[in-house]
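Scroll down for the structure; my scribbles are underneath it.
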Amino acid sequence: MEEKNPHPVVAKPKFSQVGTLQKNWEKWADDHIEYQKHNPFSNDVTVAVQHQKGDPEYGNPKEGSKTEQRGKDAYRHVGTEVKELCLIMQIIGEKGKDGNVRVTFGRLFEKYENISNKVVGILLRARKHGLVHFEGEMLWQRRDDDVIITLLEQNIT
């Protein structure tokens, strides 16, 4: 009488890694061709979508893309630096009779440059958002050291 093997050997299905690689390569190639249709820098003249000025998507990265995420991350980072700049102004500035804190550009540059070398750009961003005020379009080290910068918003969150 024959005994049954409690652990029968089951033949594993054969598959070809070459076939899998080929399928992956073809999928990547198809995806790349489709991507190039939307790439404005591509030599492919069949660009599928071209946004015009005024379109809500004009000048914006594709939704969900890495470019969109990098933009959001940069926006948050600059926002953090603006808050930090305003906090430093509150610490080193002098409060005027109107309640606003003022500091000269030279003093702010001296204190803030150790933290960030982008003090002028951060000041411009803060002014764009109505947080600070100063005369002139641009501030230059040494030339504008006596320009007074006024912190308009005291409670930055």
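The values are calculated or read from the model by the stated rules, or taken from the named source; none is laboratory data. As the structure is a prediction and not an experimental result, all values here were calculated from the model. Cβ coordinates were reconstructed from backbone atoms using ideal geometry, including for glycine residues, and neighbour counts include every protein chain displayed.
The table for this structure:
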{"quantity": "Segment 78-92 residues that are in the same structural domain as V132 (by TED's automatic domain parsing) and in a helix (DSSP H, G or I), paired with ones that are of a type in the set (G, A, S) and surrounded by 15 or more Cβ atoms within 10 Å (Cβ to Cβ) (beta carbon under 8 Å, 6 or more apart)", "calculated": "V82/A126; L85/A126; C86/A126"}
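Residue-by-condition table, conditions (1) farther than 17 Å from E153 by Cα; (2) out of contact with any helix residue (DSSP H, G or I) (no Cβ under 8 Å at 6 or more places or on another chain):
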site: G71; (1), (2): yes, yes
site: Y75; (1), (2): yes, yes
site: V82; (1), (2): no, no
site: I92; (1), (2): no, no
site: N100; (1), (2): no, yes
